[in-house]
Amino acid sequence: MPNGHITRRVIVKFHDTVDIPYEDGAERHVVRLGIGPWTELEQRFKGIRLNRLFTVMPPARIDELVKRARERGGRYQPANLLSYFVIDSPAGVDPRQIVAALREREWEQIEEAYVDPLDKSPAPPGTNPFFAQQTYLKPPATAAPPAPQGAIDAEFAWTQPGGTGTDQKIVDLERGAKLDQEDIVGRNIGPQLHGINNPDFFDRLHGAQVLCIVAAMDNTKGVIGIAHGVQEVKYTCQVIDAAGHVDRPNAVLAAINHFTLPGEDPVGRVLLLEVELGPTNDPISLTDASGNQWNGMPMETAVADYDAIRLSTGLGITVVEAAGNGNNDLDTFQQSGSGQFVLQRPGGRLDSGAIMVGGSTSNFPYQRLNMGFAGGSCFGSRVDCFAWAENVMTYQNFFGFETYTSDFDGTSAAAAIVAGAALLVQGIAQVKLGHRLDAEELRALLADTAPGGNTRSNN
């Protein structure tokens, strides 16, 4: 979906202690309370307004969920989500000018202001008849070809009680999804929890490819999903209108709301984030402290997305996040507003709690996928684990000709594989332990590099 015509917006976060009524048109309270020189700002940028960022649920519901996450204990230290607002950039105005104005000394009550990054699906373009070619379902290899190659050994998990994802639930955050694809249509995934079912061909293809990896049904068609016994699959979309405007934080809150409905326990439910920030046709977002442009970055790079993810994991939800295909060392990204190395561990801010997934080659010794100018998996101390980012068999559509191929690539594929593995582990845990694992517990398992544990990447 082209991004050149999209109205850009500036996300504004006031310090947690700043008390502004959480409502649209909040600029009047900024003026009344003397928080900053709004009148001068409005004179410079005609027609701007200060509206709520989080609109999926009322403020009282947000406060309730934050309290619930805090009472669970653990590492969750909440930000004040009701301190996030948004300013739509007027026609003809460069939103970076608004950001620069809000970072001036007179706005000392503002903690962060930035142009909300655009996003894209993190994959390069590009009984069950194709089951034999789904070698990522086989055990990991211990030697290079011609030895048999594999990945997560889902086939063994399937032999265990609960090991097909029994009684588990997942929400996939996508830019679009072809929900009537033959291998997932029986899942009754729609309607989406947020946004629109974006009509863009490639976005819909990407969503169907991911959903087939995770949850394709065990039938006589196509492939079989890693967690083909999963109870429920849902989809939340950050694309909110036909013009292509995006709203990722509210897409996450919609998933949280779904997992916390009356009678639901969010602990151990899975939220898959299939998005990367800073695509090549977004020339103004994700500029670091030195003014350098970054592309193909994980979703939590943006502060509002990060805090929405933190609320998810604080409630016990397992969040699986693609590391992105920008071929970047995440440890070296210095946020322009705070000056912190926010994706370094330990870094300048608290860990989001998400499982960040890098992408590897499909053959032993599982090196980080690096395609040179074509991109490659992001890397660094923030990455928790990895999976194949090449040669992944799933659905394909060549402009109307529907088939299945093993050419799905990128950290999209890797994150989908790990999300499927998470559902299998949670299914087994629920049967054997009587409960699902907390987000922190599951991440520790999937990130364990102790001898005899998970397969290690060569680099």
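Quick look at the numbers
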| item | result |
| --- | --- |
| Looking only at region 161-193, and only at residues there that are under 24 Å from V246 (Cα atoms) and open to solvent by 10 Å² or more (accessible area, probe 1.4 Å), the one that is farthest from the chain's Cα centre (by Cα) | D180 |
| Positions within region 196-223 being among the hydrophobic types (A, V, I, L, M, F, W, C) and open to solvent by 10 Å² or more (accessible area, probe 1.4 Å), in sequence order | I196, F201, F202, L205, M217 |
| Residues being at pLDDT below 95 and not in a helix (DSSP H, G or I) - total across region 71-87 | 8 |
| Yes/no for Q43 being within 27 Å of Q334 (Cα to Cα), in a helix (DSSP H, G or I), out of contact with any strand residue (DSSP E or B) (no Cβ under 6 Å at 6 or more places or on another chain) and open to solvent by 20 Å² or more (accessible area, probe 1.4 Å) | no |
| Boolean, R96 is in a loop (DSSP other than H, G, I, E, B), open to solvent by 70 Å² or more (accessible area, probe 1.4 Å) and not aliphatic (A, V, I, L, M) | no |
| So G420, is it closer than 28 Å to F202 by Cβ and crowded, with 24+ Cβ neighbours inside 10 Å | yes |
| Residue identified as assigned to a loop (DSSP other than H, G, I, E, B) and within 12 Å of the chain's Cα centre (by Cα) among S352, S312 | S352 |
| Any hit, region 304-326, residues being more than 23 Å from L65 (Cβ to Cβ) and open to solvent by 10 Å² or more (accessible area, probe 1.4 Å) | yes |
| Top-ranked residue in region 5-18 [being at pLDDT 95 or above and either more than 28 Å from A243 (Cβ to Cβ) or basic (K, R) (or both); ranked as most open to solvent (accessible area, probe 1.4 Å)] | T17 |
| Looking only at region 368-401, and only at residues there that are part of a strand (DSSP E or B), hydrophobic (A, V, I, L, M, F, W, C) and more than 17 Å from I417 (Cβ to Cβ), the one that is modelled with the highest pLDDT | F379 |
| Selected residue [more than 23 Å from F399 (Cα to Cα) and part of a strand (DSSP E or B)] from I226, I170 | I170 |
| Yes/no for G268 being surrounded by fewer than 24 Cβ atoms within 10 Å (Cβ to Cβ), on the phi > 0 side of the Ramachandran plot and part of a loop (DSSP other than H, G, I, E, B) | no |
| Residue in region 294-303 that is surrounded by fewer than 24 Cβ atoms within 10 Å (Cβ to Cβ) and in a loop (DSSP other than H, G, I, E, B) present | yes |
| Count - residues of region 57-70 that are in contact with a strand residue (DSSP E or B) (Cβ under 9 Å, 6 or more places away or on another chain) and part of a loop (DSSP other than H, G, I, E, B) | 0 |
| Whichever residue in region 273-291 is assigned to a loop (DSSP other than H, G, I, E, B) and closer than 17 Å to G375 by Cβ and, among such residues, is modelled with the highest pLDDT | E274 |
| Sole residue being at pLDDT below 95, more than 23 Å from the chain's Cα centre (by Cα) and surrounded by fewer than 16 Cβ atoms within 10 Å (Cβ to Cβ), chosen from P90, P21 | P90 |
| All positions within region 24-55 that are more than 32 Å from the chain's Cα centre (by Cα), of a type in the set (A, V, I, L, M, F, W, C) and closer than 18 Å to G337 by Cβ | I35, L41 |
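For every residue, the table says whether it meets (1) buried (at least 16 other Cβ atoms within 10 Å of the Cβ); (2) within 21 Å of the chain's Cα centre (by Cα).
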residue: E108; (1), (2): no, no
residue: D119; (1), (2): yes, yes
residue: Q134; (1), (2): yes, no
residue: L137; (1), (2): yes, no
residue: A144; (1), (2): no, no
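The values are calculated or read from the model by the stated rules, or taken from the named source; none is laboratory data. For clarity, every value in this text was computed on a predicted model and none was experimentally measured. Cβ coordinates were reconstructed from backbone atoms using ideal geometry, including for glycine residues, and neighbour counts include every protein chain displayed. Note: accessible area is taken over every heavy atom of the protein model, side chains too, but ligands, DNA and RNA are not part of it. Shrake-Rupley method; radii C 1.70, N 1.55, O 1.52, S 1.80 Å.
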